[in-house]
Every structure is written in structure tokens, then in C-alpha cells.
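To start, the structure under review is shown below, and the notes come after it.
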Amino acid sequence: MKPINVGLLGIGIVGGGTWDVLNRNADEIQRRAGRAIRISVVADKDRAKADSIVKGKAKVVADAFEVVRGSEVEIVVELIGGYTVAKDLVMEAIGHGKHVVTANKALLATHGNEIFAAAQKKGVMVAFEAAVAGGVPIIKAVREGLTANRIEWIAGIINGTSNFILSEMRDKGIAFAEALKDAQARGYAEADPTFDIEGVDAAHKLTILSALAFGIPMQFEKCFREGIQKLTKADIRYAEELGYRIKLLGITKKTNQGIELRVHPTLVPARRLIANVEGVMNGILVKGDAVGPTLYYGAGAGSQPTASAVVADLVDVTRLITADPEQRVPHLAFQPDQLSSERVLGMEEVETACYLRMRVQDKPGVLADIARTLADGRISIEAMVQKEPGEGEPQVDIVLLTNRAIERDVNRAIARIEKLPTVVGAVTRIRLEQLL
Ligand code: HSE
């Protein structure tokens, strides 16, 4: 059979890895796909760099639109990133009847509904395994491997940079700013590191996972986000003393009230496998009603791991290209006319347990006042630690773990505690999940 021609848009870190893996494993890939997969044209603004990688084995152009408009390729691989030019390129490629493979989580989380609708209309595939958790085949697992299940919830460490920062803070006892510098020096952080540390990147990925798990449209704007930038060494240490680790988790859960969609630092029991996912690695727990909890672990970024996912998509598209479009695996796991309009809950409606830390005057009655305020808000205390004051220190830290309570009630109780004359400054709240 004739080789299938691919146009590669962007030959940077992931594009270079894709070129490398496709060439190095060409024979194995052909045996699996049933025909050779060949990058026939590469578009990159830096033509000299592209030439030095492809060494005459593919045509190199500077203008990516030339590739999506031309007749040469059947599959376009978009590895440019962002959601301006990348969106125009993907939409034009679809418009010209080309299949698309992309690693662009930001693009899909924000414009996925439009992109998938256009692809459906044109009968082309848009494959995106590399968009979530790099080399970990989580899209395939949720969309196909777990297709028998009602998915109950997903909780994932899906941003390697923030996980690296939290691991460094715990291992080395260093502050957030120092750990961030370290992550940047190692080249882990996104071009704009706020995307990593403020949970934007994780929210993009979680939006995609939630759509796949529950058959809902992408709703990035409804995803609650809290980053890791305010976590202190003390919180990490206290959590550890109570038997927990703090992880930036993306959590999506189906409840009787609606769907939870939230990214925030979370206390997780230290004995859970996911609590031991360290450094830049990713780990995603998926709970299905039939299978129970399943865990997927691996490299969430990097040239070759991400290329592994891009090339897997190329093989999938190559295998399915001749299949009847109606019979292909649906882009978002559920048939496009079967998407649900189930509500995404506001964060105030979500129920979680909490870690609360507050600094108080070391005086009689302080603890009683705090406990009464929580009780008035129907919030039950699960555990409590009061740290001994340092020599001559008039203030102490109190750390409480609460039972599960509605966020709105916890917000009210925190506001009241902060008004107590014996409480100094703000209360730190970190949500807690048992993940059972
Ligand atoms: N910046 C991302 C991370 C890389 O740290 O996980 C891939 O999405």
C-alpha cells in the first residue's frame, strides 16, 4: 500500500521528537499501521533549523498554511501551540478534508466544540492523545478502554511542573519561589510559567478529560482553578505530619447535583499510590463503576514521550482512514448527538473535606471559639494539631482537618474565624480528598 503523507506543523521539541520516533521505528510502525507513515512536508518559521533536522528527507516550508491548503498531505500534525494561528490552521486543514493530530490542550479546551463539530461535518478525524499527560495513553483509556463503565470520577496530577515544584518543596524543605526557579532552569515550565503554577494548563487538560468521561461539551470557563503559588513550607510539613501529601489535582466528578470540575492543591493520604507520583511525572486515577479505581502513570511532557502519543495518533488515523466516518471511535467518546447538557457545578456547591491552618494568640478560649464557629456552620472537626509556641512567641499555629462540608458553608466559617480578635491574619484552606 502507498505510504500515507503527513504534514508536520512545527518542528520544535515535540515535532523534533515526532520526526525522530517515526524514522527510528519506521518498520515496526508500518507493521502495526499496515502502511508506511511518512512526513513529506515540514512547516517551521525557522527553516534552517528544520533543514538541519530533516536533512533533505522532507520538503521544508516556512508558511504552515501552504501545508494545510496543499493537496500533498492527508494528515496534518499541529504542534505549534497556542490558540490563535493554531486554530486557523486546524480549521483550514479540516476545511480542506485533512485529518488532524494535535497536542494542543489549550486549543481543544477553549475551541474544541467548534473544531469537533467541523470535523464531524467534514468526516475527518481530530486525534489528541498528546494533549493530556504527554506519553500516558489516558485519552485512549478513558475513551475506549473504559467504555463499558459509568465513570464516577477522575483525579489527576496532570501538570508535571507544579508536581516537580511540590516534590522539591517537600524533599528539600525549600520555599515555592526557589523550587520554581529550579523548574525553570531545567526547562520544565511552560513558556508562560503562570499556566503551570496557577493551574491553567491542568484546567485545560481536565476540561478535555471531563468531556470524554461524562459526554459533555468542553467547558473550560466553568473550571474552578486555584494554583500552588500560595503554598508554604509549613503547610507541606503539617500535612506530612498528619499523614498526607499536597498535590495539585485536577478533579472531575459526577454527583447527583451535577458535574464537578476543579483544579486546586489537595491533601491526599500519603499511602495512596498517586500521592507518591513525584517530580515531573504525571499520574491519573480514574474510577469506573465496573472496574473500580485504575491508575495511569508516566511522563507527562518531553520530546520523545509526547512524540510517542503523537505517533500513536498517526497510526490510529492511518488505520481508520478507510472506515466509514459514522463507525469510527467518536472524538469525545460519546456519539456527537448524544452529548449531555448536565450542569457543571459552581465551586460553592462542591463538598470536600478541608485542611485549615490559622495563626492565633496563645490565650485560653481561642480553640473553643474556633470550634464553636465551625460547629455553628455545621462543620465537623476530624483532627486537630496545635503546634507548641516557640520560645517567647505569643502566637501559635492551629491546624484542623474537617469532615466533608459544602464549600459555601466553609467559606462562611472561614470569614467568621478571620474576624475573631484572637486570630491573626488569613486562614489557609487546602481541600482534602480520600480518593477511595
Ligand atoms: N507544562 C506542562 C507540564 C507540559 O508541566 O506538565 C506539558 O503539557
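Structure notes:
- Of Leu248, Leu401, Leu206, the one that fluctuates the most in a GNM where the chain has Cα springs shorter than 10 Å: Leu401
- Considering all C-alpha pairs of the range 201-292, those separated by over 15 Å amount to 65%.
- Charge tally in the Cβ shell below 15 Å around Gly283, where Lys, Arg are +1 and Asp, Glu are -1, Gly283 excluded: +4
- What the Cα convex hull of the chain gives, in volume per residue, is 143 Å³.
- Along the range 4-13 the Karplus relation, 6.51 cos²θ - 1.76 cosθ + 1.60 evaluated at θ = phi - 60°, assigns HN-Hα couplings of 8, 8, 10, x, 9, 9, x, 10, x, 5 Hz to successive residues, with x for each Gly and Pro.
- Nearest-0.05 FRET efficiency for His96 and Arg47, computed from C-beta distance (R0 30 Å): 0.85
- Over all directions, the projected convex hull of the C-alpha atoms in the range 156-243 averages 6.6 nm² in area.
- Euclidean distance between Cα centres, the range 180-199 to the range 399-429, Å: 31 Å
- Charge context of Asp182, other residues only, Cβ under 12 angstrom, K/R +1, D/E -1: 0
- Compactness index (Cα Rg / 2.2 N^0.38 Å), the range 14-95: 1.12
- What you get for the range 351-432, charging only the Cβ of Lys and Arg (+1) and of Asp and Glu (-1), is a dipole of about 340 debye around the Cα centre.
- The chain: antiparallel DSSP beta bridges as a percent of all, rounded to 5: 70 percent
- Among beta bridges from DSSP that stay inside the range 140-299, the antiparallel ones total about 95%.
- Reachable lysines from Lys254, criterion Cα separation under 23 angstrom, eight or more residues apart if same chain: Lys105, Lys140, Lys205, Lys222, Lys287
- Listed residues Gly95, Gly392, Gly16, most fluctuating in the chain (Gaussian network, C-alpha, under 10 Å): Gly392
- Choice from Lys122, Lys140, Lys363 with maximal GNM fluctuation in the chain (Cα, 10 Å cutoff): Lys363
- For q = 0.13, 0.14, 0.17 Å⁻¹, Debye-computed log10 I/I(0) when each Cα of the range 335-436 counts as one equal scatterer: -0.51, -0.57, -0.77
- P(r) tail for the range 140-299: Cα pairs beyond 28 Å make up 19% of the total.
Throughout, read-outs are computed from the coordinates displayed, never taken from laboratory work. Everything quoted here is computed from the prediction, not taken from an experiment. So basically every Cβ, Gly included, is an ideal-geometry build from the backbone, and we count neighbours across all protein chains shown.
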